[in-house]
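Some notes on the structure that comes next.
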Amino acid sequence: MAEKESDAVLKSQFHELGNGRYIQLTVSDTGHGIEPDIREHIFDPYFTTKEVGRGTGMGLAVVQGLVKKYEGAISIDSEKGQGTTVTILFPKVSEFEE
């Protein structure tokens with residue numbers, strides 16, 4: 001995890017960001033990567049590449065919904081044969097409201 005200031009570079013990658021500080025969570029793997037024709041659908045509810053009965057296709061749709069609910073942003077960078085990197089940004093809060 002890292003702390004990031006919203007600036008022109010960050011906003012060029014995450015257009016929906018407002019001004020302020022963000023906490024960045026990045027997860028990467030060295031797997032097979034995601035094909036471009038699949039990548040454009042990965043946030044679609046019920047989209048799955050798994051066989052019937054092996055997944056609901058709701059995982060990334062739910063993650064995206066939660067990230068947006070908390071005014072964050074998510075991106076996925078992936079190349080076939082190169083693995084995948086998921087980056088999530090959440091606004092930094094200094095205190096929790098009760």
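Find the residue count for the range 64-79, including only residues that are assigned to a helix (DSSP H, G or I) and either in contact with a strand residue (DSSP E or B) (Cβ under 7 Å, 6 or more places away or on another chain) or acidic (Asp, Glu) (or both).
2
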Looking only at the range 11-51, and only at residues there that are among the charged types (D, E, K, R) and closer than 13 Å to Asp77 by Cα, the one that is farthest from the chain's Cα centre (by Cα): Glu35
Residue satisfying condition, being under 18 Å from Val93 (Cα atoms), loosely packed, with under 12 Cβ neighbours inside 10 Å and small (Gly, Ala, Ser), within set Gly31, Gly72, Gly53, Gly18: Gly18
Cross-chain or 6+ apart pairs with Cβ under 8 Å, the range 80-98 first and assigned to a loop (DSSP other than H, G, I, E, B) and surrounded by 10 or more Cβ atoms within 10 Å (Cβ to Cβ), then among the acidic types (Asp, Glu) and modelled with pLDDT under 85: Lys92/Glu3
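The values are calculated or read from the model by the stated rules, or taken from the named source; none is laboratory data. This one's a predicted model, so the numbers in the text were calculated from it and none came from an experiment. Every residue, glycine as well, gets a Cβ built from its backbone with ideal geometry; the counts of neighbours run over all protein chains shown.
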